[in-house]
Amino acid sequence: MSTRTPAARRSASRAPSSAPAAVAAETARPDRKQAILLAAERLFARHGYHVVTIRQIAEEAGVPLALVGYYYGQKHELFHAIFAHWGHAIEARLAGLAAVDIDPGDARTLPRIIEAFTAPVLALRASAEGEYYALLVARELYHATEEADRVLRAYFDPLAEAYIDALHAALPHATRGEAAWGYQFALGALLHHLNDSRIERLSRGENTRADPAVAPMLVSFIVGGLRAALPRPKAVRTSRAKSTSRRRKA
């Protein structure tokens, strides 16, 4: 004989089936959503966006397949969500740039801009939590795909514009178009440093990939390239030299 009250029996008769209950239990766990995002980030970074399937992401995260779509929708939406999650990293790079006092007459200005550009990315690559995100940026965003272009426009174009403006202000004798070329070359050096593992083989084991200890060398390399490619006009240098000489005589 049942000991449940009529109200309890009515409630039980209205209870959902076991399958929806299981989904509800899963969705009540916020760690599952984070696990999906991290799994996608790892797999996209290792194998590439177009190779990885939603099923593989679910298996990597240890969640039901349907839960990936429930939280993130289609694969391109999940890809976009990774960069939304890391938006704070871009904000930190912009804040670092804003802290640089841009004085074109100060030889330290250009290295400071480049350090603000490279240091946060190298720190991410060297960290356990940011390793796969940095690798994903280096690997995926410069493939000519609709997904990559959408992310570039939403997150990375504003960052690039800010750094190009800073380079132009630090090198006012150059055109903004030339500063944009300089940014592109600097970005190429940074991304290749993040992504390429041949350095370990080419150095015969002396170097390790994306070694953060070489950050000052990377900055010096980029700064040297910018100064060589965009030198001040000789007339400007000569005029400043004469002015300095006159001041010393006075």
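The values are calculated or read from the model by the stated rules, or taken from the named source; none is laboratory data. A quick note: this is a predicted structure, and the numbers were derived from the prediction, not measured. Cβ: placed from backbone, ideal geometry, glycine included. Neighbour counts: every protein chain shown. Calculation scope for accessible area: heavy atoms of the full protein, side chains included, ligands and nucleic acids excluded. Shrake-Rupley method; radii C 1.70, N 1.55, O 1.52, S 1.80 Å.
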Margin query: For the structure I just gave you, tell me whether ALA92 is at pLDDT below 95, aliphatic (A, V, I, L, M) and under 26 Å from ALA154 (Cα atoms).
Written below: yes
Among TYR163, TYR132, the single one that is surrounded by 13 or more Cβ atoms within 10 Å (Cβ to Cβ) and in contact with a Lys or Arg (Cβ under 7 Å, 6 or more places away or on another chain) is TYR132
At pLDDT 95 or above and within 30 Å of PHE79 (Cβ to Cβ): is that true of ALA144 in this structure?
no
| query | Does region 93-106 contain at least one residue that is in a helix (DSSP H, G or I) and of a type in the set (Asp, Glu)? | reply | no
The residue from ASP165, ASP149 that alone is in a helix (DSSP H, G or I), under 16 Å from the mean Cα position of the chain (by Cα) and of a type in the set (Asp, Glu) is ASP149
Screening GLY73, GLY96, GLY69 for residues that are farther than 16 Å from ALA170 by Cα and either within 22 Å of the chain's Cα centre (by Cα) or touching a residue at least 12 places away in the same chain (Cβ under 8 Å) (or both) leaves only GLY69
Matching residues in region 216-239 (at pLDDT below 95 and either among the hydroxyl-bearing types (Ser, Thr, Tyr) or closer than 21 Å to TYR132 by Cβ (or both)) number 2
**Request:** Please work out if ALA98 is within 17 Å of LEU136 (Cα to Cα) and not basic (Lys, Arg).
**Result:** no
Check on GLU206, part of a loop (DSSP other than H, G, I, E, B) and open to solvent by 40 Å² or more (accessible area, probe 1.4 Å): yes
Those residues of region 103-120 that are touching a helix residue (DSSP H, G or I) at 6+ places or on another chain (Cβ under 7 Å) and open to solvent by 60 Å² or more (accessible area, probe 1.4 Å) come to a total of 2
### Boolean, TYR142 is of a type in the set (Phe, Trp, Tyr) and in contact (Cβ under 8 Å) with a residue 60 or more places away in the chain
no
Picked from region 209-237 (must be within 24 Å of the chain's Cα centre (by Cα) and among the β-branched types (Val, Ile, Thr)), the residue surrounded by the fewest Cβ atoms within 10 Å (Cβ to Cβ) is VAL214
For region 79-93, the count of residues that are in contact (Cβ under 8 Å) with a residue 24 or more places away in the chain and either farther than 30 Å from VAL51 by Cβ or open to solvent by 60 Å² or more (accessible area, probe 1.4 Å) (or both) equals 2
